[in-house]
Every structure is written in C-alpha cells, then in structure tokens.
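First the structure, in the form of structure tokens, and then the observations on it.
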Amino acid sequence: MNMAKLEMMVGIFMLVGILCLGYLSIKLGKMELIGGDYYTVTAGFDSVSGLKPGARVEIAGVEVGKVERIGLDPASGDRALAYLKIRAGISISDDVIASVRTSGIIGDKFIKLKPGGSDKPLKPNGKIRETESAIDIEELVSKFIHGKV
C-alpha cells in the first residue's frame, strides 16, 4: 500500500513537470495555441530578400506584430506580398510606410512601420500602399565594381 502511494506521488510529480515544460516551451518559442488577438494587413514589396515568416514588425522600435507569411502578389505576379499580423490594440494609419530593415550589420530582417499623418486607421485585411524594399548589398557591390554607380 505504501509503495502504491509513492508511485502515485512520483507520477503526479512527473505529470506536473511535463506540463510546466510544455508551457515554458510555448512561451519561450513565442507560439500561440489559440489564434491570438491579431488582425492582418498586407504590404507589397519589390524585394523582401532575407525576410522570413515570423520576423517582427516594429513601430518606433517596439514590436507590434510579426510577418505571418510571404508570397507573390497574385495581381502583379512580380512583386512580393507580405502578410503582417498586428496586435489588436495597435492602430496604424492608412498612410503608414512599411520598409524592410536589418537589425545590425548582419542581423535579421524585420519590417519597420513609419506612421504617416492621416487620422484614418488602416482596416483589418487592408493594404499598405507605401513600401520600401530591402537593400540588396550584392547588387550595390556589383554596380560599384562594374562602374555603374
């Protein structure tokens, strides 16, 4: 009887430990089990070189969302379309400027949103009209070497 009680306590201890480990994995990995409280907007870029899904979206250096996915714009076929998940409490104006930036010299790419002067907010599933694409260092070096700068 005493052995059964000990085994039961060890089992409960192991179960609580596994649940705590799962919770920490989800929180540290910044995963969401339930959809979260976000709305999606899109932005079209000429190039999103180096930008990956899951990259952060910032306004004034504060993370306000992340890149959900990246694909080709079905309307034009030759531009990249980034789907951005923005936290529900954050309102961005309809004339916001989205640009692909690098954190540090060789850091990760992220999207920086620079608010415009409009008072009208961008609606969920709206499209950001003003964008600045990523700077392609290889292309710049190639132009410099071949004297086309």
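Here are the numbers for this structure:
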{"item": "Residue list for the stretch 101-131, filter: over 15 Å from residue 41 (Cα atoms) and in contact (Cβ under 8 Å) with a residue 40 or more places away in the chain", "result": "102, 108, 109, 110"}
{"item": "Inter-residue pairs, beta-carbon under 9 Å, first surrounded by 10 or more Cβ atoms within 10 Å (Cβ to Cβ) and in the stretch 19-41, second at pLDDT below 70 and among the acidic types (Asp, Glu), 6+ apart", "result": "26/32; 38/32"}
{"item": "Residues located in the stretch 51-72, provided they are surrounded by 15 or more Cβ atoms within 10 Å (Cβ to Cβ) and either touching a residue at least 60 places away in the same chain (Cβ under 8 Å) or more than 14 Å from the chain's Cα centre (by Cα) (or both)", "result": "51"}
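The values are calculated or read from the model by the stated rules, or taken from the named source; none is laboratory data. Note that the coordinates shown come from a computational prediction; the quantities given were computed from them, not determined experimentally. Virtual Cβ from ideal backbone geometry, glycine too; neighbours counted across all protein chains shown.
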